[in-house]
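> Please read through the structure below; I'll follow up with questions.
Derivation of every value follows stated rules applied to the coordinates shown; laboratory data play no part. Here the structure is a predicted model, which means the values were calculated and not measured. Don't worry about glycine lacking a Cβ; one is built from the backbone with ideal geometry, like all the others, and counts go over all protein chains shown.
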Amino acid sequence: MRTGEEIKNALVRTFAFLTEKVRVQREKRIWADAPLEHFREVFDCARKELGFTMLCTITGVDDAGTMGAIYHMASEDGQVLSIKVSLAKEKPSLKSVTDVFPAADLYERELVDLFGVAVEGLPKGKRYPLPDDWPEGQHPLKKDWQPGQPGRKEETPHA
């Protein structure tokens, strides 16, 4: 089993741009901030070279100034690596990872529905988790979203 520091050092050795962008929170918990243009390279290295073969979840983030996605990956020995990628606030977009982790489909649909992130290469499918009649352009986990914005259907009170 590699230590968190060994994983950090392997990432920085492979990707110089990650210097000062990888931190070991505690043993078995590593965080990395990857630039969008290099995200897939870092992601694939973690999967193929470092043994992070399980995608646990993808977390959407609205940091007020930027949008983001955090890919939480695990190895067989219990290490967890979270790779964060920042996206432009206006028209956030990233590429799907469903080609290597088909189960990413639902997590990426959450990014689309709840945060308004365009996911290139996401296979066609139903919306998730919002209902099909939820108004387009309404993304309830964005910090600037307000209930009752134009286009949002109001609930009918029960009698």
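> Pairing the Cα long axis of helix 39-48 with the longest principal axis of the chain, what angle in degrees results, from 0 to 90 and rounded to the nearest 10?
In the chain, helix 39-48 runs at an angle near 60 degrees to the longest axis.
> Taking the Cα-to-Cβ direction at E20 and at R127 and moving 7 Å from each Cα, how far apart do the two end points lie in nm?
Output for this residue pair reads 4.3 nm.
> Quote to one decimal, in nm, the extra length available between E136 and S93 on full extension: 0.36 nm per residue of separation minus the C-alpha distance between them.
13.8 nm
> Further, regarding this structure: Tell me, L36, L81 in order of fewest to most beta-carbon neighbours within 10 Å?
Arranged by neighbour count, lowest to highest, L36, L81 become L36, L81.
> Can you flag which of K48/K84; K48/K143; K21/K95 are past 30 Å Cα-Cα?
K48/K143
> At each listed q (0.23, 0.28 Å⁻¹), what is the log10 of I(q)/I(0) that the Debye formula gives for segment 23-90 modelled as equal alpha-carbon point scatterers?
-0.98, -1.28
> Using Cα atoms only, what is the angle between the long axis of helix 4-14 and the major principal axis of the chain, expressed in degrees (0 to 90) to the nearest 10?
Computed tilt is about 90 degrees.
> Continuing with the same structure: Taking the Cα centre of the chain as origin, sum charge times position over the Cβ atoms of Lys and Arg (+1) and Asp and Glu (-1), and report the length of that vector in debye to the nearest 20.
The calculated dipole for the chain is roughly 260 debye.
> Further question on the same structure: Which value in nm describes the separation of the simple spin-label points at M54 and L36, placed 7 Å from the Cα toward the beta carbon?
Label at M54, label at L36, 3.1 nm between them.
> Note the full-extension length gain between C45 and V12 as 0.36 nm times their separation in residues minus their Cα-Cα distance, in nm to one decimal.
10.7 nm
> Mind checking Rg over Rh on the chain, alpha carbons, Kirkwood formula for Rh?
1.04
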